[in-house]
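One structure is given here, and the rest of the page talks about it.
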Amino acid sequence: DVKVTQSSRYLVKRTGEKVFLECVQDMDHENMFWYRQDPGLGLRLIYFSYDVKMKEKGDIPEGYSVSREKKERFSLILESASTNQTSMYLCASSLGGSINTQYFGPGTRLTVL
Amino acid sequence: AQKITQTQPGMFVQEKEAVTLDCTYDTSDQSYGLFWYKQPSSGEMIFLIYQGSYDEQNATEGRYSLNFQKARKSANLVISASQLGDSAMYFCAMRVTGTASKLTFGTGTRLQVTL
């Protein structure tokens with residue numbers, strides 16, 4: 001079974017703090033993704049990576065950066081957290097190729113005070 | 001640009017009945033894939049079913065089937081014999097070939113199964 005894990009289920013940070021959200025997958029997937037989920041808006045893609053050290057912006061990259069130094073690990077970084085970044089963050093991974101179902105981690109609910 | 005529309009914010013269904021969750025999509029691409037995910041209250045997104053744009057038959061996975069009507073650009077999820085454990089948020093998503101498997105999600109439908 002594909003397993004995607006995220007470092008924390010719940011996280012509380014203060015405005016201005018630097019925040020790291022970690023995601024690890026154990027299936028040797030090429031692609032990894034970070035989404036945020038807000039009520040009434042569905043999931044929106046922040047960044048994705050299709051290989052080590054490769055990344056592309058998604059639909060809402062402002063205020064975020066990412067790092068992928070190893071194939072299995074994809075980190076989302078909030079350089080200076082703000083209250084409007086309070087949200088559920090979901091990581092996903094998938095194989096490359098034409099039929100590439102994304103498999104999700106359990107999510108991190110981040111609250112920025 | 002791709003867009004997914006789910007017009008039902010919430011649905012109720014009685015246990016053991018079938019329910020259809022609506023999804024319409026918009027794309028000018030000929031090659032694409034449609035996905036349904038379930039999100040229980042625990043938060044994890046669970047993959048349910050996939051339909052490719054060139055698949056001639058509707059996809060089925062156990063109690064889940066996808067009613068794919070290409071001309072109408074709809075990809076409705078049908079859950080047969082609903083169970084209490086089906087209570088969750090359901091998201092429809094689309095991937096366009098060549099976009100590094102990026103998914104565009106709808107806003108979701110909350111399904112509540114009652115006794």
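Values quoted throughout were computed directly from the atomic coordinates according to the rules given, and no laboratory measurement underlies them. Given the structure is predicted, the values throughout are model-derived calculations rather than measurements. Cβ: placed from backbone, ideal geometry, glycine included. Neighbour counts: every protein chain shown.
Report the full-extension gain for the segment B:Arg63 to B:Lys16: residue separation times 0.36 nm, less the Cα-Cα distance, to one decimal in nm. Let's see the in-between values first.
On the way: separation 47, 0.36 × 47 = 16.92 nm, distance 1.11 nm.
So the extension gain works out to 15.8 nm.
Treating r as the C-beta distance of B:Thr114 and B:Asp26 and R0 as 25 Å, the FRET efficiency rounds to 0.15.
Ignoring lysines fewer than eight residues from A:Lys70 along the same chain, the ones with Cα atoms less than 18 angstrom from its Cα are A:Lys3, A:Lys53, A:Lys55. When both the range A:42-80 and the range B:1-40 are represented by their alpha-carbon centers, they are found 26 Å apart. Taking +1 at the Cβ of each Lys and Arg and -1 at the Cβ of each Asp and Glu, which of B:Tyr50, B:Leu66, B:Ala93 sits farthest along the dipole of chain B towards its positive end, judged by Cα position relative to the Cα centre? Among B:Tyr50, B:Leu66, B:Ala93, the one farthest towards the positive end of the dipole of chain B is B:Ala93.
Rounded, prolate or oblate: which fits the range A:37-98, taking a ≥ b ≥ c as square roots of the Cα gyration tensor eigenvalues, rounded meaning a/c under 1.5, else prolate when a/b beats b/c?
On the way: a/c = 2.25, a/b = 1.43, b/c = 1.57.
Taking the square roots of the gyration eigenvalues as a ≥ b ≥ c, the range A:37-98 is oblate.
Net charge near B:Ser28, counting Lys/Arg +1 and Asp/Glu -1 over other residues with Cβ under 12 Å of its Cβ? Net charge around B:Ser28: 0. Between B:Ser80, B:Ser31, B:Ser65, the residue with the greatest mean-square fluctuation in the GNM of chain B (Cα pairs under 10 Å linked by springs) is B:Ser31. If I build a Gaussian network model for chain A, linking alpha-carbon pairs within less than 10 angstrom, which residue out of A:Val24, A:Val52, A:Val12 has the largest mean-square fluctuation? Comparing A:Val24, A:Val52, A:Val12 in a Gaussian network model of chain A, the most mobile one is A:Val12.
Sorted from greatest to least, the principal axis extents spanned by the alpha carbons of the protein assembly as shown come out as 49, 39, 32 Å.
Applying 1/(1 + (r/R0)^6) with R0 = 30 Å to the Cβ-Cβ distance of A:Lys57 and A:Lys13 gives a FRET efficiency near 0.85.
May I ask you to list the GluC sites (Glu not before Pro) in the range B:1-85 that are in a DSSP loop and have at most 13 other Cβ atoms within 10 Å of their Cβ?
Numbers: sites: B:Glu15, B:Glu17, B:Glu44, B:Glu56, B:Glu61; in loops: B:Glu15, B:Glu17, B:Glu44, B:Glu56.
The qualifying sites are B:Glu15, B:Glu17, B:Glu56.
Remark: the Cα gyration tensor places the range A:1-53 in the prolate category, a/c being 1.5 or greater and a/b exceeding b/c. About its Cα centre, chain A has a charge dipole of approximately 300 debye under the convention of +1 per Lys or Arg Cβ and -1 per Asp or Glu Cβ, with nothing else charged.
Sequentially through the range B:61-74, phi angles give Karplus couplings (6.51, -1.76, 1.60; θ = phi - 60°) of 9, x, 7, 9, 9, 10, 8, 9, 10, 4, 5, 8, 6, 10 Hz, Gly and Pro residues having no value and appearing as x.
Taking A:Glu22, A:Glu62, A:Glu30 in turn, the Gaussian network model of chain A (Cα-Cα springs below 10 Å) assigns the largest fluctuation to A:Glu62. Taking a ≥ b ≥ c as the square roots of the Cα gyration tensor eigenvalues, chain B comes out prolate, since a/c reaches at least 1.5 and a/b is larger than b/c.
Could you give the size of the charge dipole of the protein assembly as shown about its Cα centre, using +1 on the Cβ of each K and R and -1 on the Cβ of each D and E, expressed in debye and rounded to the nearest 20?
It comes to approximately 460 debye.
The chymotrypsin sites (Phe, Trp or Tyr not before Pro) of the range B:20-60 that DSSP puts in a loop, and whose beta carbon has at most 10 other beta carbons within 10 Å, are B:Tyr54.
Taking the Cα centre of chain B as the origin, how large is its charge dipole in debye, to the nearest 20, when only Lys and Arg (+1) and Asp and Glu (-1) carry charge on their Cβ atoms?
Numbers: 10 positive and 10 negative charges, 44 e Å.
Once rounded to the nearest 20, the dipole reads 220 debye.
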